[in-house]
Amino acid sequence: MKKNLKLKAARAELDLSQEELAHRAGVSRQTINMIERGDYNPTLNLCVSICRVLGKTLDEIFWDE
């Protein structure tokens with residue numbers, strides 16, 4: 001898996017720390033960190049939760065172009 005720079009950029013746009021995003025999405029900071037590093041493949045439900053917090057679509061954050 002490769003790094004998810006889109007997630008990191010979207011989080012930075014909202015000035016959210018990994019901890020803040022994790023809290024709002026209902027997961028641990030380590031989970032967000034692993035997704036950004038490409039070390040964890042999140043479930044669809046988690047992807048949707050993260051996108052809702054960030055105000056983005058699944059395509060914008062999790063789809064490779």
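The values are calculated or read from the model by the stated rules, or taken from the named source; none is laboratory data. Computed from a predicted model, the values in this text were never measured in an experiment. Using ideal geometry, Cβ is built from the backbone for each residue, glycine included, and neighbour counts are taken over all protein chains shown. SASA here: full protein model, heavy atoms, side chains in, ligands and nucleic acids out. Shrake-Rupley method; radii C 1.70, N 1.55, O 1.52, S 1.80 Å.
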Inset, instruction - Please work out which option in (1) 89; (2) 71; (3) 180 gives volume of the Cα convex hull per residue in Å³ calculated from these coordinates, and answer with its label. - result: (2)
Inset, instruction - Please name which of 18, 30, 53 has its Cα lying farthest along the dipole of the chain towards the positive end, using unit charges on Cβ (Lys, Arg +1; Asp, Glu -1) and the Cα centre as origin. - result: 30
Legend entry - Calculated from backbone phi, Karplus (6.51, -1.76, 1.60) coupling profile of segment 10-22 in Hz, x at Gly/Pro: 5, 5, 5, 4, 8, 6, 9, 6, 4, 4, 5, 4, 4
Legend entry - For segment 44-55, 3J(HN,Hα) per residue [Karplus equation, 6.51 cos²θ - 1.76 cosθ + 1.60, θ = phi - 60°, Hz, x = Gly/Pro]: 4, 4, 5, 4, 5, 4, 4, 5, 4, 4, 7, x
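Computing the accessible area with a 1.4 Å probe over protein heavy atoms, can you report the carbon and sulfur percentage for the chain?
Percent of accessible area from carbon and sulfur atoms in the chain: 49.
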Legend entry - Under-5 Å amide H pairs with residue 4, H placed in peptide plane, nonlocal only: 37, 38
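Where in the chain are there chymotrypsin sites (Phe, Trp or Tyr not before Pro) that are in a DSSP coil and have at most 14 other Cβ atoms within 10 angstrom of their Cβ?
Answer in residue order: 63.
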Inset, instruction - Could you state the accessible area per residue of the chain in Å², with a 1.4 Å probe and every protein chain left in place? - result: 68
Legend entry - Set of lysines near residue 56 by C-alpha distance (under 17 Å), chain-local residues within fewer than 8 positions excluded: 6, 8
